[in-house]
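Q: This is the structure, below, for whatever I ask next.
The values are calculated or read from the model by the stated rules, or taken from the named source; none is laboratory data. Computed from a predicted structure; not experimentally measured. In this analysis, Cβ positions are derived from the backbone assuming ideal geometry, glycine residues included, and neighbour counts consider all displayed protein chains. Just so you know, the surface numbers come from the protein's heavy atoms only, side chains and all, with ligands and any DNA or RNA stripped out. Shrake-Rupley method; radii C 1.70, N 1.55, O 1.52, S 1.80 Å.
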Amino acid sequence: MALTISSDLCTGCAACEDECPNSAVHMKRGMYLIDPDKCTECSGKFDQPQCQAVCPMTGCISKAG
Amino acid sequence: MPAATAYIPLDSFGPGRPVLSDASPQAAPDLDARVSDHPCYSESAHRHFARMHVAVAPACNIQCNYCNRKFDCSNESRPGVVSERLTPEQAVRKMLAVASAIPQLSVLGIAGPGDALANAEKTFRTCELVRRQAPDLKLCLSTNGLALPDHIDDIVRHGIDHVTITINMIDAEVGAQIYPWIFYDHRRHHGVAAAAILHQRQMQGLEMLAERGVLVKVNSVMIPGINDTHLLDVNRAVRERGAFLHNIMPLISAPEHGTRFGLDGRRAPTAGELKALQDQCGDGAMQVMRHCRQCRADAVGLLGEDRAAEFALAALGEIDPPYPREARRAYRAGLKAAAPAAQPSAPPVALSESVCLTVAVATRGDDRINQHFGHASEFQIFEVDGAGARFIGHRRVDHYCQGGYGEDDAMATVLAALNDCHAVFVAKIGNCPREALRAAGIETVDRYAQQAIDPSLRDYHFDYLGRLAAGQLHHAARGDALLRQGAFVAV
Ligand code: SF4
Ligand code: SF4
């Protein structure tokens, strides 16, 4: 259960990093990544995945797989 | 001053002299002192003081249809992803480099690339670090207002005395056409419901700031067919709630920016439409801003020039220069001494009230006609009639001399931008452009080269009346003009 970030669409705005309740988003070599071990899709905490709800780029954050 | 409050009278230009003397009665009484060295708010400060923006706030919490996050936002002073991001610590280094090179630096602003308050931690950390090193710099920030009510105490505590809120509507039905969604309270909201929340937060934030004595400027983007007439209601609403200045900016929607409005082919307002709206909004107790150039959020310099590239992180030295307190004090002392004496106004000329001329002036500053036509990247536009001359705005053009796509195209752009003008005042001009201007019905005037703008305008008006009386020319109002598209990045 995790979401992923498309590096093509990501603008690097860090909004997702700021909103993630599990500190699952981090920057690695200039790219934002979601740690699949930490991401819970926000279940139990919020009714929308926070990173996806705040990301300004349509389709940038989606379910892994 | 009676009905002409919308204008900034020429007579009040000059360092240290009040410019917004007839501003909103709700505003703080010390308004003049508070804005007199802020280049964005006062046309006079504009020429003697500089501001810098630091791009420490990348995230945003709303989506606007005039914004494409991949590019520099020319509507709201927001640099895009290509622009350099700064951490608060890097922002301070940049500030020190700029302050030591530009003694005119008086304002540091945080306007993006996203929303200053959607990045509250980075924004306020920057304020704190800057305050420590440069207690005399004014701090300001720009926001869409969504997060504003949550940060009033932070704003006051950090001594931020100017806040700009972008308010494009007070009606959620209108808002739904401008904002597809917002992120608020851990949810994405869409449509009318989203706009209703945004509106409520903007009004609440504005009221709270005004109550705490923080100066609030309101920016509005004029979007023909969506909020152009509605902005009159916005003007009334923000005025009632204590905003001290309303800055109505034209939509910038070139399709290549890839914004929703650009792709939909929504057009920008013409210069005439923009001015008509500014006139209607400005005839009350509140100032309407006319000299905003919609510069980018990472801009550095006196308005009208952008030296951002010089101060890129990579260009900074290993050791930060100290904050130059002494040099800054000396600069201000010098300015006070050099303030020109008020010019005696020309005697009123009978019959002249009805003949109102629009004149474009090529100037590099100092209130003088001192720019070559071909080197001008913008013109100052004035209206002059028997009552005197009034500054009504800027018109950006591509340098005629540097038109990368052929001189004919460049000239066509200039003509479109100056189409509402009767005359253009220049320090110097070539024969070809002079001919082209004449063919377009615009008189080129170079006899006032290097002279002061205001008396030259009055003299020209007087002379014009004489020629009119002698039947040497036919007077008519001119057409409308086009506003140049794209962010202002001076070359
Ligand atoms: S879905 Fe939630 S937990 Fe997963 S990365 Fe996004 S914000 Fe973090
Ligand atoms: S919010 Fe979207 S665009 Fe911004 S850093 Fe995260 S993934 Fe990238």
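Q: Tell me, which residue of the stretch B:177-203 that is in contact with a strand residue (DSSP E or B) (Cβ under 7 Å, 6 or more places away or on another chain) and assigned to a helix (DSSP H, G or I) is farthest from the other protein chains (Cβ to nearest Cβ)?
A: Only one residue fits best here, namely B:Gln202.
Q: Among the numbered criteria (1) touching a residue at least 60 places away in the same chain (Cβ under 8 Å); (2) assigned to a helix (DSSP H, G or I); (3) within 15 Å of B:Asn144 (Cβ to Cβ), which single criterion is violated by B:Asn168?
A: (2)
Q: Next question, about the same structure. Residue by residue through the stretch A:27-52, note down the ones that are of a type in the set (A, V, I, L, M) and within 9 Å of ligand 1 (Cβ to nearest atom).
A: Hit for the stretch A:27-52 is A:Ile34, nothing else.
Q: Restricting to the stretch B:420-439, name every residue that is buried (at least 17 other Cβ atoms within 10 Å of the Cβ) and either in a loop (DSSP other than H, G, I, E, B) or among the hydroxyl-bearing types (Ser, Thr, Tyr) (or both).
A: Answer for the stretch B:420-439, where residues must be buried (at least 17 other Cβ atoms within 10 Å of the Cβ) and either in a loop (DSSP other than H, G, I, E, B) or among the hydroxyl-bearing types (Ser, Thr, Tyr) (or both): B:Asp420, B:Cys421, B:His422, B:Val426, B:Ala427, B:Ile429.
Q: Then there's this: Quick check on A:Gly12: is it within 21 Å of B:Asp185 (Cβ to Cβ), more than 6 Å from ligand 1 (Cβ to nearest atom) and in a loop (DSSP other than H, G, I, E, B)?
A: no
Q: Could you tell me whether A:Thr4 is surrounded by 15 or more Cβ atoms within 10 Å (Cβ to Cβ), within 10 Å of ligand 2 (Cβ to nearest atom) and more than 14 Å from chain B (Cβ to nearest Cβ)?
A: yes
Q: Based on this model, can you work out whether A:Cys55 counts as under 11 Å from the mean Cα position of the chain (by Cα), modelled with pLDDT of 90 or more and within 8 Å of ligand 1 (Cβ to nearest atom)?
A: Here the answer is no, as A:Cys55 does not meet what is asked.
Q: Would you check if there is a residue in the stretch A:25-43 being within 13 Å of chain B (Cβ to nearest Cβ) and more than 22 Å from B:Ala57 (Cβ to Cβ)?
A: Yes - at least one qualifying residue is present in the stretch A:25-43.
Q: I need every pair where a residue in the stretch B:396-417 that is over 19 Å from B:Ala360 (Cα atoms) has its Cβ under 6 Å from the Cβ of a residue that is surrounded by 14 or more Cβ atoms within 10 Å (Cβ to Cβ) and modelled with pLDDT of 60 or more, sequence separation at least 6 or different chains.
A: B:Gly403/B:Ala410
Q: So, one more: For residues in the stretch B:247-272 being under 30 Å from B:Phe382 (Cβ atoms) and among the small types (Gly, Ala, Ser), which is farthest from the chain's Cα centre (by Cα)?
A: B:Ala254
Q: Separate question: Taking into account only those residues within the stretch A:7-21 that are free of Cβ contacts under 8 Å to residues at least 40 places away in the same chain and open to solvent by 40 Å² or more (accessible area, probe 1.4 Å), which is farthest from A:Cys42 (Cα to Cα)?
A: A:Asp8
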